[in-house]
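Below you'll find the structure, written out as structure tokens, and then a few comments.
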Amino acid sequence: MSQSYDRGLVEDFGRWTEFSAGMWAWIFHKFTGWVLVGYLFTHIAVLSTAMAGPEVYTSTLQGLEALLVVRFLEVGLLAVAVFHILNGVRLLLVDLGIGLESQDRSFYASLILTGAIVVASVPTFLAGAL
Amino acid sequence: MSTGITRPEEEEETESQAVGAARAAGESAYGQARMNETEIDAANEASQRRARRAVEDADHTVELKVFRYDPEVPEKEKPRFDSFTVPFAKGMTVLDALMWARDHYDSSLTFRHSCRQAVCGSDALFVDGKQRLGCKTQVADLADDGVPGEVRIEPLPHAEVVKDLVVDMEHFYDQMESVEPYFQDEDTPDGLNEQRQSRENREKIKMSTRCIWCGACMSSCNIAAGDNEYLGPAAINKAYRFAMDEREGEDLTEHRLNIIEQEHGVWRCQTQFSCTEVCPKDIPLTEHIQALKREAVKKNLKFW
Ligand code: HEM
Ligand code: SF4
Ligand code: FES
């Protein structure tokens, strides 16, 4: 029946410049959700070093925190988590049928608020590393 | 402008022979009305001359980049874009511009249209990267400063192209039919021979009744693109229109909810709002889909 006729980049992700707010919100939400799942595994791995004793745990954490990349990754994790939570709340409102006319504005608000929180967190996360 | 094809010799031959024969017989009015090759060429040339003059005289012109494809003609089965320069006039819609191009440059340019006033739903097109009705889209609105430049016109994405801008709507209509888009309750209240609706209930379903079956929403939907069985926004909106109509009895409402809560029904919707963005009748599609999700949950929730 409806096989979509292949028009190359006419369709789908090749059109990303034309996506509107709701679509971007969806993409970012899936992306951040799966990054969080990925982090969960790393998180468990790092915490598990405590099984080998308090010293191992402390030295592992100290070793990680000494790396500049890790500091930046932490900022990234915060960005991902904050956006997922804020947009998650937006999606819950959408599910309840509240404020659907403003769904694009609530997405932009999530983005801006995420940006602000992330910027404010930078001094804390990078303290002593630079 | 290019038609991308040179007329095959033998076709010319048979055509003029046929015309000649009909003329000789002097009986077929249709045959007589048909032009011979020289007449066609002359008419084409005259029309092109008129087009050139109109374009020269125009204060502004708009450049249409139109998707062309015709699987039945070997020279045209490779998709391409044709350019048509069309004189711009205030109030011109994308459909007007397309019709001008067809009438002045290439009569084989194919697209559907009928009412020209956003009622019939024939001319949903992919204009400058968005699903829009050709007849409801002002060319001037496509440019930031109101002076049109180039307009890209393609057939609706995620549907099979039949020819040029015409896509196969069969699948879309199948999905619409599958939600039984008609009022089914025959019972009338005692003492009345009509089914009256309260003002509040009418308000509730008002927007959902506006659908003109254009298919723009279905084409814009990322989920529908990946799942052919998904009912799609328009069909779910139709289901909403009847499920929320209080004049239908409880059994029917339940039957309708059973249809929309199946595997490829409302739960496929990921609230991307693409359909709501493009609907030319401003139907809050996502809102209606979400409302049906809640109805489906309420129907199945039992606290005992
Ligand atoms: C307060 C915190 C959180 C809130 C409010 C929240 C909210 C949501 C919501 C509402 C959705 C559904 C989106 C939809 O309708 O399609 C979702 C999806 C998702 N969330 Fe979260 N979430 C939170 C925390 C997390 C965490 C900690 C993780 C990872 C461990 C996570 C992973 C995911 C993933 C992977 C999805 C996508 C699921 C799918 O593919 O449909 N979320 N989240
Ligand atoms: S819901 Fe809107 S976009 Fe979808 S078919 Fe109906 S009128 Fe067209
Ligand atoms: S021609 Fe009828 S809707 Fe556009």
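Structure above, values below:
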quantity	calculated
Tally of residues being in a loop (DSSP other than H, G, I, E, B), open to solvent by 10 Å² or more (accessible area, probe 1.4 Å) and either on the phi < 0 side of the Ramachandran plot or within 14 Å of another protein chain (Cβ to nearest Cβ) (or both) across segment B:82-129	18
Residues being open to solvent by 20 Å² or more (accessible area, probe 1.4 Å) and closer than 23 Å to B:Pro155 by Cα - total across segment B:228-244	2
Close pairs (9 angstrom Cβ cut-off, 6 or more residues apart or separate chains): open to solvent by less than 70 Å² (accessible area, probe 1.4 Å) in segment B:187-205, of a type in the set (Val, Ile, Thr) anywhere	B:Gln195/B:Thr188; B:Gln197/B:Ile205
Flag for B:Ile259 being in a helix (DSSP H, G or I), in the same structural domain as B:Cys217 (by TED's automatic domain parsing) and in contact with a Ser or Thr (Cβ under 8 Å, 6 or more places away or on another chain)	yes
Subset tally (residues that are within 30 Å of B:Ala58 (Cβ to Cβ), among the small types (Gly, Ala, Ser) and assigned to a loop (DSSP other than H, G, I, E, B)) for segment B:131-177	3
Qualifying positions in segment B:235-255 - away from chain A (no Cβ under 13 Å) and within 11 Å of ligand 2 (Cβ to nearest atom)	B:Ala235, B:Ile236, B:Asn237, B:Lys238, B:Arg241
Of all residues in segment A:77-90 being open to solvent by 40 Å² or more (accessible area, probe 1.4 Å) and under 14 Å from A:Phe107 (Cβ atoms), the one that is farthest from ligand 1 (Cβ to nearest atom)	A:Leu86
Residues that are within 17 Å of A:Arg15 (Cβ to Cβ) and away from ligand 3 (no atom under 12 Å from the Cβ), drawn from segment B:128-143	B:Asp128, B:Gly129, B:Lys130, B:Gln131, B:Leu142
Qualifying residue in segment B:137-153 (condition: closer than 25 Å to B:Gln270 by Cα and within 15 Å of ligand 2 (Cβ to nearest atom))	no
Filtered residue count, segment A:13-65, keeping only those that are free of Cβ contacts under 8 Å to residues at least 12 places away in the same chain, surrounded by 15 or more Cβ atoms within 10 Å (Cβ to Cβ) and touching a Gly at 6+ places or on another chain (Cβ under 8 Å)	1
Hey, A:Val119 of a type outside the set (Asp, Glu), away from chain B (no Cβ under 12 Å), within 14 Å of ligand 1 (Cβ to nearest atom) and open to solvent by 30 Å² or more (accessible area, probe 1.4 Å) or not	no
Count of segment B:130-185 residues which are open to solvent by 20 Å² or more (accessible area, probe 1.4 Å), away from chain A (no Cβ under 11 Å) and on the phi > 0 side of the Ramachandran plot	2
Pair list, Cβ under 8 Å, 6 or more apart: segment B:99-124 residue closer than 19 Å to B:Ala51 by Cα, other residue modelled with pLDDT of 95 or more and near ligand 3 (Cβ under 8 Å from one of its atoms)	B:Met99/B:His113
Selected residue (only one of B:Gly226, B:Gly215, B:Gly232 is within 12 Å of chain A (Cβ to nearest Cβ) and free of Cβ contacts under 8 Å to residues at least 24 places away in the same chain)	B:Gly226
Unmet criterion (only one of (1) within 16 Å of ligand 1 (Cβ to nearest atom); (2) open to solvent by less than 30 Å² (accessible area, probe 1.4 Å); (3) assigned to a helix (DSSP H, G or I); (4) in contact (Cβ under 8 Å) with a residue 24 or more places away in the chain) for B:Trp267	(2)
Flag for A:Glu74 being more than 14 Å from every other protein chain (Cβ to nearest Cβ), open to solvent by 40 Å² or more (accessible area, probe 1.4 Å) and among the charged types (D, E, K, R)	yes
Flag if B:Ala124 is closer than 19 Å to B:Asn222 by Cβ, within 16 Å of ligand 3 (Cβ to nearest atom) and touching a strand residue (DSSP E or B) at 6+ places or on another chain (Cβ under 8 Å)	yes
Single condition B:Ile223 does not satisfy, out of (1) within 16 Å of ligand 1 (Cβ to nearest atom); (2) over 27 Å from the mean Cα position of the chain (by Cα)	(2)
Count - residues of segment B:278-293 that are surrounded by fewer than 23 Cβ atoms within 10 Å (Cβ to Cβ), in contact (Cβ under 8 Å) with a residue 60 or more places away in the chain and within 10 Å of chain A (Cβ to nearest Cβ)	1
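The values are calculated or read from the model by the stated rules, or taken from the named source; none is laboratory data. Predicted model, so just to flag it, every value in this text is computed and none were measured. Heads up, the Cβs are rebuilt from the backbone with ideal geometry, glycines too, and the neighbour counts pull from every protein chain shown. Protein only, heavy atoms only, side chains kept; ligands, DNA and RNA dropped before computing areas. Shrake-Rupley method; radii C 1.70, N 1.55, O 1.52, S 1.80 Å.
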